[in-house]
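Asker: Structure provided below as structure tokens; questions to follow.
The values are calculated or read from the model by the stated rules, or taken from the named source; none is laboratory data. Bear in mind that the values here come from a model prediction, so they are computed numbers and not experimental data. Note that each Cβ is placed from the backbone with ideal geometry, even for glycine, and that neighbours are counted across all protein chains shown. Note: accessible area is taken over every heavy atom of the protein model, side chains too, but ligands, DNA and RNA are not part of it. Shrake-Rupley method; radii C 1.70, N 1.55, O 1.52, S 1.80 Å.
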Amino acid sequence: MISRKVAVIGAGAAGLIASRELRREGHEVVVFEQSDRVGGTWVYNPNVDSDPLGLDSSRTIIFNSLYESLRVNLPREVMGFRDYPFVAQVNDDGRDPRRFPHHTEVLHYLEDFANHFGLIELIRFETEVIYVGLLEEEEELKNKWVVRYRKKGEVGSSSVAHEVFDAVVVCSGHHTHPNIAEIPGIDAWPGKQLHSHSYRVPEPFSGQVVLLIGNRASAADISKKIFTVAKEVHIASRSTMNVSPTKWFGNNNMRHHPLVKCAHEDGTVVFQDRSLVRVDVIVQCTGYKYCFPFLEISDIVTVDDNCVGPLYQHIFPPVLAPGLSFIGLTWMAPPFPTFELQSKWVAGVLSGRISLPYKDKMIKDVEAFYFQLKVAAVPKHYTHFLGEKQFDYADWLAAESGCQPLEEWRKEMAKERDRNATARPESYRDEWEDGDLIVQAHEDFSQYLPAELCGRTSKHSFELISIQMPTLTKVGNNTVMIADPRTLLIRWFFGERGSSKPLSFDKRTSNTCYYKPL
């Protein structure tokens, strides 16, 4: 196999898993990270952009978008990398053991991952990449890539260093540059605007009438926090285009509206159903733009209406493959496992273990994909949306990479999460009924985890431990009764290694459960 020198741009989740897979494949890896720690978007920063709407190109940019209260919207079993399970650290007081933990737990997990696999030694922290392009000056260096970079705080041309690489993997994320909805009349409207990128805590909205634009996870989460302090909260989205203003979640001070039609200088905002509200603050939860200001590739790869392309399978530009690749552009799919499979494929292609189709074949494949989207009337900015195709895509990557497809329990758990979130949008993070899938997940995890985390002993007899449960009474060797009105009897039996199975599992509680050896 071929060993290449590879630059990885970014040390977030995508950059970390890419660097691990590249090194496993025998490549020499250098990771460039502009901050002083790993984690990327999972590092919380209370500061915000100098322009909270993100329109001023000269603004001071904060590269983090987390709000303080954020909890993940995927169960940790689904979220983690496949051979480094995202399990609760029940003996660490600084950790969040819930199934849907606070964002700080994800950062801990990524830090643990980086330390466990020795990735820190690959990372150049506080190093900003300012240029990535092909090096064509000398024939023997043709198809090589030059990366120009400088240390944080340094200015001037003399501070810029450069290095030549065989390949570049872009893992810089896409939660920094806000996408802003255009609202007629907004320039004359006297209120305050910001993008969700600059939202951190609800207190600044106390006593105000707030309008949120958007209907995805951030809009739902932020609106619930803001309405606890605001006078009124209004939400405008496509999902209610033909619906009159309605109360949401039974709250008197929260209303759902169709999209905004226009804004007026008297402070009112008019919706497409002609209703209007006098608003103090507009929060745009309208997503982000893909942006790669450091890439200089003569317009071979462009960003048009949030479609990065042309890219074969959302990763390789056919004309530049395999020297340039992107990890993490896809969305509406479990991110970490998807990054992992993308990274395995890229690493294998660069080593020569995996062959890409010829350039013309990749171009035709991309053109056919774009044509399918057009025929289906899918907007261009949904090019990298996976949704119902997420598992087909993951299994395709796995097959190309020569590894096992995603576990069936992981797929079913993700689907069950979607069903539960639809049925119980307020409580799905704390009330779930997929205990049989949790058992399957932990059976898989046992091959990767040390005994103290997964309970592997010569005799698999376990006691169920409940975090946040007021009363727990042991009834028998394999039976635990939890005193909670929402919880029924939970029975567990684990036989010899490799034959573990639950006799029954009836989950009706909002709390998180773990196991340890008796």
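Asker: Filter segment 352-393 down to residues that are aromatic (Phe, Trp, Tyr), closer than 30 Å to Glu416 by Cα and in a helix (DSSP H, G or I) and give me whichever is farthest from the chain's Cα centre (by Cα).
Answerer: Within segment 352-393, the match that is farthest from the chain's Cα centre (by Cα) is Phe369.
Asker: Still on this model: Collect the residues in segment 221-252 that are open to solvent by 60 Å² or more (accessible area, probe 1.4 Å), outside any loop (DSSP other than H, G, I, E, B) and modelled with pLDDT of 90 or more, keeping them in residue-number order.
Answerer: Lys225, Glu232
Asker: Could you list, in sequence order, all residues of segment 335-368 that are among the β-branched types (Val, Ile, Thr) and under 21 Å from Val6 (Cα atoms)?
Answerer: Thr338, Val346, Val349, Ile354
Asker: Can I ask one more? With the condition kept exactly as written, say whether any residue in segment 345-360 is closer than 28 Å to Ala217 by Cα and small (Gly, Ala, Ser).
Answerer: Checking segment 345-360: not a single residue is closer than 28 Å to Ala217 by Cα and small (Gly, Ala, Ser).
Asker: Next up: Any idea which residue in segment 1-22 is farthest from His175 (Cα to Cα), counting only those that are part of a helix (DSSP H, G or I) and in contact with a Phe, Trp or Tyr (Cβ under 8 Å, 6 or more places away or on another chain)?
Answerer: The selected residue is Arg20.
Asker: Here is a follow-up. Within segment 402-451, restricting attention to residues that are in a helix (DSSP H, G or I) and touching a strand residue (DSSP E or B) at 6+ places or on another chain (Cβ under 9 Å), which residue is least open to solvent (accessible area, probe 1.4 Å)? Explain how you work it out, then say what you get.
Answerer: Filtering segment 402-451 for residues in a helix (DSSP H, G or I) gives 408-423, 435-445, 451.
Then keep just the ones that are touching a strand residue (DSSP E or B) at 6+ places or on another chain (Cβ under 9 Å); that gives 435, 438, 442, 451.
Details: Gly435: 1, Ile438: 18, His442: 45, Ala451: 45 Å².
The residue in question is Gly435.
Asker: Among the strands (runs of 3 or more DSSP E) confined wholly to segment 270-316, which include 2 or more residues that are touching a residue at least 40 places away in the same chain (Cβ under 8 Å) and over 30 Å from Ala14 (Cα atoms)?
Answerer: In segment 270-316, 276-278, 281-284 are the strands (runs of 3 or more DSSP E) which contain 2 or more residues that are touching a residue at least 40 places away in the same chain (Cβ under 8 Å) and over 30 Å from Ala14 (Cα atoms).
Asker: Tell me, yes or no, whether segment 34-43 has at least one residue that is open to solvent by 50 Å² or more (accessible area, probe 1.4 Å), in a loop (DSSP other than H, G, I, E, B) and of a type outside the set (D, E, K, R).
Answerer: Within segment 34-43 (the criterion being open to solvent by 50 Å² or more (accessible area, probe 1.4 Å), in a loop (DSSP other than H, G, I, E, B) and of a type outside the set (D, E, K, R)), the answer is yes, since at least one residue qualifies.
Asker: OK, next. Where residues in segment 109-129 are surrounded by 20 or more Cβ atoms within 10 Å (Cβ to Cβ) and of a type outside the set (Ser, Thr, Tyr), which of them is farthest from Gln447 (Cα to Cα)?
Answerer: Checked segment 109-129; the qualifying residue farthest from Gln447 (Cα to Cα) is Val129.
Asker: Moving to a separate point now. For residues that are within 17 Å of the chain's Cα centre (by Cα) and in contact (Cβ under 8 Å) with a residue 40 or more places away in the chain, scanning just segment 394-412, find the one that is farthest from Ser355 (Cα to Cα).
Answerer: This residue is Arg410.
Asker: What about Lys380, is it closer than 19 Å to Val303 by Cα, free of Cβ contacts under 8 Å to residues at least 24 places away in the same chain and surrounded by fewer than 16 Cβ atoms within 10 Å (Cβ to Cβ)?
Answerer: no
Asker: Scan segment 73-98 for residues that are free of Cβ contacts under 8 Å to residues at least 40 places away in the same chain and touching a strand residue (DSSP E or B) at 6+ places or on another chain (Cβ under 9 Å) and report the count.
Answerer: Summing the residues that are free of Cβ contacts under 8 Å to residues at least 40 places away in the same chain and touching a strand residue (DSSP E or B) at 6+ places or on another chain (Cβ under 9 Å) in segment 73-98 gives 1.
Asker: Being open to solvent by less than 10 Å² (accessible area, probe 1.4 Å) and under 21 Å from His177 (Cα atoms) narrows it down to one of Val303, Val308, Val346, Val269, so name that one.
Answerer: Among Val303, Val308, Val346, Val269, only Val308 is open to solvent by less than 10 Å² (accessible area, probe 1.4 Å) and under 21 Å from His177 (Cα atoms).
Asker: Here's a follow-up. Taking segment 329-338 as the search range and keeping residues that are assigned to a helix (DSSP H, G or I) and open to solvent by less than 30 Å² (accessible area, probe 1.4 Å), which one is nearest to Glu407 (Cα to Cα)? Full working, then the answer.
Answerer: Within segment 329-338, the first condition is being assigned to a helix (DSSP H, G or I), and the residues that meet it are 335-338.
Filter again for open to solvent by less than 30 Å² (accessible area, probe 1.4 Å), leaving 336-338.
Numbers: Phe336: 14, Pro337: 11, Thr338: 13 Å.
For segment 329-338, the residue satisfying everything is Pro337.
Asker: For segment 178-220, what are the residues that are open to solvent by 50 Å² or more (accessible area, probe 1.4 Å), aliphatic (A, V, I, L, M) and over 26 Å from the mean Cα position of the chain (by Cα)?
Answerer: Within segment 178-220, Ala188 is the sole residue that qualifies.
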